[in-house]
Amino acid sequence: MKVIVLGGDGFCGWPTSLYLSKKDHEVIIIDNLSRRKIDLELGVNSLTPISFIDERISAWKSISGKEIRFENIDISENYQRLLNVINEVKPDAIIHFAEQRAAPYSMKGSYGKRYTVNNNLNATNNLLAAIVESGLEIHVVHLGTMGVYGYGGAGMKIPEGYLKIKVTNEDGKDISKEILYPPNPGSIYHLTKTQDALMFAFYNKNDQIKITDLHQGIVWGTQTEETELDLRLINRFDYDSDYGTVLNRFLMQAAIGYPLTVYGTGGQTRAFIHIKDSIKCIELALNNPPNKKDGVKIYNQMTETHRLIDLANIISKLTNAEINYLPNPRNESEENDLIVDNQCFINLGLKPTKLTDALLEEIKEIANKFSANCIKSKIVPSSFWTREQELRK
Ligand code: NAD
Ligand code: USQ
């Protein structure tokens, strides 16, 4: 398959690109390197020493003998260059990772909100408009998020995208319908993903674009078989309070003896998936495109759910780390149940990596090994959902 990977220099995109290249797919990465620029803007770094994109690509060539092409394009701004690459490459599929993905960064004042909306919505719309203009039949695989639903299951399993409803009309007749599961975003970032979903529904209805939207949980872990082959291929590991996600942050904190930063009571339940399973799911999605006339195919891409305090306790038992309850910088429920239907990927053959089996290796191989790179002052929260929360910090 010829696959364009939008955002292929990022945490999920880089190991996905290597995996697909190893499997003999022709891979073209498009990325504007904005994630690396945001590191500079925030004065933070990946815990792992990531190489420049050119060095990554030439290291991969020398190790595997395989070429990955790279194009530095801002897909939210440079529509024509995006269209030119699509027309020239004629890909079978495009994987879309290229969005600003940190909820805290998207709530960091008006700049973060405006940048996230402009970047993410224009990126998705430009991609869809370019596919229509190219006239090519291309399968779009988009990385969305579990957070589009706000994590509240309303006492039921969160279904894979669609909800069957029954309403009684004015004549007293019961009408059955299937609708998109109602969105309930908890940050500007999550809001952009709910709006992506509407764009997908529209372009699919109007132009029959084949789209798979993967509603992914929090990705944890760092390395894959491919990124482990050479230090120049190592994947990024974010630990700062804007981009670091909760489980990876806890692992790094345990490694440097920093008390685990549980926001609020820790009663928040979230969905998780290991980076290796995330890539397997993307491969399964690529191999199972919907038909042109089908609606948008939506999968819940997660393997397990945990309360944050339970995760903190597991890590604390493994490492003796202390737990520190911080005032929550976010506007979110203190406690929630989360039951998620993930049967589609299980039916396609996904064999989940168990969190409890892989935690220790992650602490040893990444968090401990690179702990000296941690800038401790970047661990405490620096983005607040409301003015009141910012004032009480
Ligand atoms: P990341 O920030 O590490 O990678 C995103 C990449 O896209 C970066 O390399 C960035 O430079 C690039 N990019 C952003 N805007 C661009 C633009 N306008 N033009 C070209 N390139 C652009 O993020 P990630 O963790 O790899 O996440 C990838 C996708 O997966 C995101 O869309 C995110 O919403 C989704 N996702 C991530 C997680 C997670 O835990 N990391 C969980 C669920 C969903
Ligand atoms: N949290 C802590 N302590 C920390 C960091 C976070 O208690 O040190 C809490 C947060 O308050 C929140 C939960 O942990 O309740 C998850 O936070 P997170 O930063 O790990 O994840 P989130 O902001 O939801 O975003 C991440 C990715 C995003 C993806 C999303 C999937 O950055 O791109 O879409 O996970 S999901 O959460 O399923 O929506």
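The values are calculated or read from the model by the stated rules, or taken from the named source; none is laboratory data. Remember, it's a predicted structure, so these values are computed and weren't measured experimentally. FYI the Cβ positions are ideal-geometry reconstructions off the backbone, even for glycines, and counts take in every protein chain you see. Please note that ligands, DNA and RNA were not included when accessible areas were found on the heavy atoms of the full protein model with its side chains. Shrake-Rupley method; radii C 1.70, N 1.55, O 1.52, S 1.80 Å.
Below are the figures for this structure:
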quantity: For the chain, alpha-carbon Rg relative to the globular expectation (2.2 N^0.38 Å, N residues); calculated: 0.97
quantity: Tail weight of P(r) past 22 Å, computed on alpha-carbon pairs of the stretch 166-307, percent; calculated: 57
quantity: D_trans [Stokes-Einstein, Kirkwood Rh over alpha-carbon pairs] for the stretch 292-333, 37 °C, 0.692 mPa s, µm² s⁻¹; calculated: 233
quantity: Rg(Cα)/(2.2 N^0.38 Å) for the stretch 206-288, N = residue count; calculated: 1.38
quantity: Probe 1.4 Å - accessible area at W385, Å² to nearest ten; calculated: 30
quantity: The stretch 150-227, Cα convex hull volume normalised per residue, Å³; calculated: 176
quantity: FRET E, pair L198, K351, Förster distance 35 Å, beta-carbon r, rounded to 0.05; calculated: 0.55
quantity: Of S62, V44, I75, farthest towards positive along the dipole that unit charges on Lys, Arg, Asp, Glu beta carbons give the stretch 33-78; calculated: S62
quantity: Added length on full extension, which subtracts the Cα-Cα distance from 0.36 nm per residue, A154 to E170; calculated: 3.1 nm
quantity: The stretch 250-307 - Kirkwood radius from inverse mean 1/r over Cα pairs (Å); calculated: 14.6
quantity: Rg(Cα)/(2.2 N^0.38 Å) for the stretch 115-190, N = residue count; calculated: 1.50
quantity: 5 angstrom amide H check on E304, placed H, neighbours 5+ away; calculated: F272
quantity: Max mean-square fluctuation residue, GNM over the chain, Cα-Cα springs under 10 Å, options Q253, Q195, Q216; calculated: Q195
quantity: Contour minus Cα-Cα distance for N336 and F52 (0.36 nm per residue); calculated: 98.2 nm
quantity: Of K157/K351; K23/K280; K173/K293; K210/K276, those spanning more than 18 Å from alpha-carbon to alpha-carbon; calculated: K157/K351; K173/K293; K210/K276
quantity: Pairs of alpha carbons in the stretch 264-372 whose separation is greater than 19 Å (percent); calculated: 59
quantity: Between the stretch 154-227 and the stretch 255-269, the alpha-carbon center distance in angstrom; calculated: 30
quantity: Only Lys, Arg (+1) and Asp, Glu (-1) charged, at Cβ; the chain dipole about Cα centre in debye; calculated: 280
quantity: Sorted largest first, extent of the stretch 112-249 alpha carbons per principal axis (Å); calculated: 68, 43, 33
quantity: Average projected area [Cα convex hull, the stretch 12-156], square nanometres; calculated: 11.2
quantity: Gap separating the Cα centres of the stretch 116-146 and the stretch 6-42, nearest whole Å; calculated: 16
quantity: Farthest positive-ward along the stretch 314-393 dipole, Cα basis, beta-carbon charges - from P329, L359, F370; calculated: F370
quantity: Principal axis dimensions, the stretch 71-110 - Cα atoms, whole angstrom, descending; calculated: 39, 19, 12
quantity: Space enclosed by the convex hull of the alpha-carbon atoms of the stretch 345-393, per residue, Å³; calculated: 162
quantity: Efficiency of FRET from Cβ geometry, K61 and M1, R₀ 25 Å, rounded to 0.05; calculated: 0.80
